[in-house]
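Asks: Dropping a structure here in structure tokens format, bear with me for questions.
The values are calculated or read from the model by the stated rules, or taken from the named source; none is laboratory data. Note that this is a predicted model, so its numbers are computed, not measured. Don't worry about glycine lacking a Cβ; one is built from the backbone with ideal geometry, like all the others, and counts go over all protein chains shown. Note: areas computed on protein heavy atoms with side chains; ligands, DNA, RNA excluded. Shrake-Rupley method; radii C 1.70, N 1.55, O 1.52, S 1.80 Å.
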Amino acid sequence: DRDGVLLSEESAQMIFDELKSNDEFFWEYTDDGCLARAHKMCAILHERGVFCEKIRADNAHGTWLRSFGISILKEDDKWLHMNFHMAVLVRVAVSTWIEDRVIDPALFNGPVSVETWLEKLINRDSIKNDGTVDRSEQQKDVTRLPFDVLERCLFWAKKDSGLRITKKLLQLHRKDFEKGR
């Protein structure tokens, strides 16, 4: 159902805060886990009747099989490199119109526009040796996925409605996180 529940800006922030405070997601580990976190968040929101999708960003210079990757400049001024990044997309009623907002507690403190989310993600091949970024090389491929599809290339069209795979992935990422501490 594409209608679902439209969120107000206040309720979108409340849901964001609730998800961010949920220890099951361990947001401090940004190195990996976006796929499983997005899937679990979508399951929670869908269960509440909130329309949501997943949004995935890739470097447009690569391909989905062999991407040049996406990077994020972390608070410690170190680059985190990944193949892609995924988050949750909800619809928010803003004044007299509806906007898509990204819920990504790994990167932000509240729901943000798709444009703001994409600005934070940097095409890896545009990072120069001195750490500066060529802003002219920031075209990204954006894919919207249904809430119940786990991932487009690893598990294309796999539903994982019981969250068995998702739970295993979250456990695996938590172990990786704990080993790195």
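Conditions tested, residue by residue: (1) at pLDDT below 80; (2) over 21 Å from H81 (Cβ atoms).
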position	(1), (2)
D125	no, no
K128	no, no
G131	no, no
K140	no, no
C153	yes, no
A157	yes, yes
D160	yes, yes
H173	yes, no
R181	yes, no
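Asks: Going residue by residue through the stretch 103-118, is there one that turns out to be part of a strand (DSSP E or B), in contact with a Lys or Arg (Cβ under 9 Å, 6 or more places away or on another chain) and closer than 26 Å to T132 by Cα?
Replies: There is at least one residue in the stretch 103-118 that is part of a strand (DSSP E or B), in contact with a Lys or Arg (Cβ under 9 Å, 6 or more places away or on another chain) and closer than 26 Å to T132 by Cα.
Asks: Just a yes or no: is a residue in the stretch 98-116 open to solvent by 80 Å² or more (accessible area, probe 1.4 Å), of a type in the set (A, V, I, L, M) and farther than 15 Å from V142 by Cβ?
Replies: Among the residues of the stretch 98-116, at least one is open to solvent by 80 Å² or more (accessible area, probe 1.4 Å), of a type in the set (A, V, I, L, M) and farther than 15 Å from V142 by Cβ, which makes the answer yes.
Asks: Read through the list (1) more than 15 Å from T30 (Cβ to Cβ); (2) open to solvent by less than 70 Å² (accessible area, probe 1.4 Å); (3) touching a Phe, Trp or Tyr at 6+ places or on another chain (Cβ under 7 Å); (4) among the acidic types (D, E), then give the number of the only condition that D125 fails.
Replies: The failed condition is (2).
Asks: In the stretch 13-40, what residues are buried (at least 17 other Cβ atoms within 10 Å of the Cβ) and assigned to a helix (DSSP H, G or I)?
Replies: Result: Q13, I15, F16, L19, F25, C34, L35, A36, R37, A38, H39, K40.
Asks: Please list, ordered by residue number, the strands (runs of 3 or more DSSP E) wholly in the stretch 41-93 having 2 or more residues that are over 22 Å from E24 (Cα atoms) and either under 14 Å from the mean Cα position of the chain (by Cα) or modelled with pLDDT of 90 or more (or both).
Replies: 52-59, 70-73
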